[in-house]
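Down below is the structure, laid out as structure tokens.
The values are calculated or read from the model by the stated rules, or taken from the named source; none is laboratory data. All of these numbers come straight from a predicted model, not from anything done at the bench. For neighbour counting, all protein chains shown are included, and Cβ atoms are generated from backbone atoms with ideal geometry for every residue, glycine included. Accessible surface is based on the protein model in full, side chains and every heavy atom, while ligands, DNA and RNA are left aside. Shrake-Rupley method; radii C 1.70, N 1.55, O 1.52, S 1.80 Å.
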Amino acid sequence: MTARILRGTETSALIRDELRDRVTALREHGIVPALGVVLVGEDPASVSYVTAKAKGAAEVGIDEETIRLPAAASELEVLQVVRRLNADPRFHGILVQLPLPGHIKSERIIEATSPEKDVDAFHPINVGRLLRGEPCPLPCTPHGVVQMLVRNGYDPGGRHVVICGRSNLVGKPLAAMLIQKRPGANATVTLCHTGTRNLAAITRQADILVAAMGRPRAITADMVSSGTVVIDVGVNRIPDAAAPKGFRLVGDCNFEALKETVEAITPVPGGVGPMTVTMLLLNVVEAAERVLAARGEERKTA
Ligand code: GUN
């Protein structure tokens, strides 16, 4: 049987329609949601991610400003930009594009970002809130994975979700989200990593398999059972002499083989990638909505 192809572009478009309405409502209350993006240097992948974020923001009516610093900018200069954005009430969200040049400690920059404006959900306070099941911004890629599942009719509740990859960006926060006792979560989670023995024996038990290890086409057809829903988070560049740029993108799954056997699968590109940007936009809108709600509270107590 041929798998259902889950396209992030389609699910994203639905969510962006909802966000546009929420932005209109905020603007009617005099609040224009705004995102400040900090880009240090000119790494081509980072430039392309930042461009996608700016384009997505414009699409839903979010104001976006990219602050560009040279690759040689000092840690203090980057910190000063972050502090300025923290203090500026026009900005509801702040995002410092990673990776940063080697001489800048990204943890210091992340920790300097106001947790209320931390739309990446990277600040240790927000990571702690997520694990404890407290209200917090949700990390964009893991949230994109969950929305892809829920909005396509594959609620993770009660399912066995096998995650391959323990990164701080995807594997660990996704596990933290899915183990919570709440709608769209409540799953049984197995987190596999480079220390896992007999990986295939575990991945074959998955109702839902999330591949996030950063290894091109590492998940092969023999590792996945026929009823499994597969979410491929991998974005790997592989050389391709026939491609205009000399490379093409592939995921962590062997898509061509898996699509003949599994229940459903996300393509790369066009799967989880567009969802990540949309979840970022959602975090900006929610940060702006919190500002509006706080205004209402102030009025009540005045
Ligand atoms: N670099 C790659 N992915 C991300 C992301 O989600 N957020 C930031 N800030 N940088 C990234």
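Kindly provide the Kirkwood hydrodynamic radius of segment 151-302 in Å, to one decimal, from all pairs of distinct alpha carbon atoms. Could the numbers behind the result be given before it?
Details: mean 1/r = 0.0583 Å⁻¹.
Every distinct Cα pair counted, the radius reaches 17.1 Å.
Please give the per residue accessible area of segment 1-62, computed with a probe of 1.4 Å over protein heavy atoms only, in Å².
On the way: 3090 Å² over 62 residues.
So segment 1-62 comes to 50 Å² accessible per residue, rounded to a whole number.
Nearest 5 is fine: what % of DSSP beta bridges in the chain come out antiparallel, could you say? Intermediate values should be presented prior to the final figure.
Working: 4 of 34 bridges.
Just about 10 percent of them are antiparallel.
Leaving out same-chain residues fewer than 8 places away, which lysines sit with a Cα under 28 Å from that of Lys300?
Lys117
Would you grab the residues whose amide H sits under 5 Å from the one on Arg4? Only those 5+ places off in sequence or on another chain, please, with H modelled 1.01 Å from N.
Ala264, Ile265
Using a cut-off of 17 Å between alpha-carbon atoms, which lysines can reach Lys105, once sequence neighbours fewer than 8 places away in the same chain are excluded?
none
Nearest 10 degrees, 0 to 90: what angle lies between the long axis of helix 8-28 and the longest principal axis of the chain (Cα atoms)?
Result, in degrees: 20.
For the Cα atoms of the chain, what angle does the longest principal axis make with the long axis of helix 44-60, in degrees from 0 to 90, nearest 10?
Once rounded, one gets 70 degrees.
Can you give the local net charge around Met275? Use residues other than it whose beta-carbon is closer than 11 angstrom to its beta-carbon, Lys and Arg +1, Asp and Glu -1.
Details: positive: Arg7, Arg16, Arg151; negative: Glu10.
Around Met275, the surrounding residues sum to +2.
For His193, what residues show an amide H to amide H distance below 5 Å, using hydrogens built from the backbone and excluding near sequence neighbours?
Gly165
With a/c under 1.5 counting as rounded, go ahead and sort the chain into rounded, prolate or oblate using the C-alpha gyration tensor (a ≥ b ≥ c being the square roots of the eigenvalues; past the cut-off, prolate if a/b is larger than b/c, else oblate).
Numbers: a/c = 1.78, a/b = 1.43, b/c = 1.24.
Cα axes put the chain in the prolate bin.
Apply the a/c threshold of 1.5 to the C-alpha gyration tensor of segment 46-120 and tell me whether it is rounded, prolate or oblate. Don't skip to the end; give the middle numbers.
Details: a/c = 1.97, a/b = 1.30, b/c = 1.51.
Since a/c reaches 1.5 but b/c is at least a/b, the shape of segment 46-120 is classed as oblate.
Tell me, how many Å apart are the Cα centres for segment 38-61 and for segment 196-255?
When both Cα centres are located, 26 Å separates them.
Tell me the carbon and sulfur percent of the accessible area for the chain, rounded to whole percent, probe radius 1.4 Å. Walk me through the numbers on the way to the answer.
Working: 7860 of 14560 Å².
The nonpolar share, carbon plus sulfur, comes to 54 percent.
Once you sort the root eigenvalues of the Cα gyration tensor of segment 4-58 as a ≥ b ≥ c, which label holds: rounded (a/c under 1.5), prolate (a/b larger than b/c) or oblate (the other case)? The partial results should precede the final answer.
Working: a/c = 4.70, a/b = 1.15, b/c = 4.08.
The shape class here is oblate.
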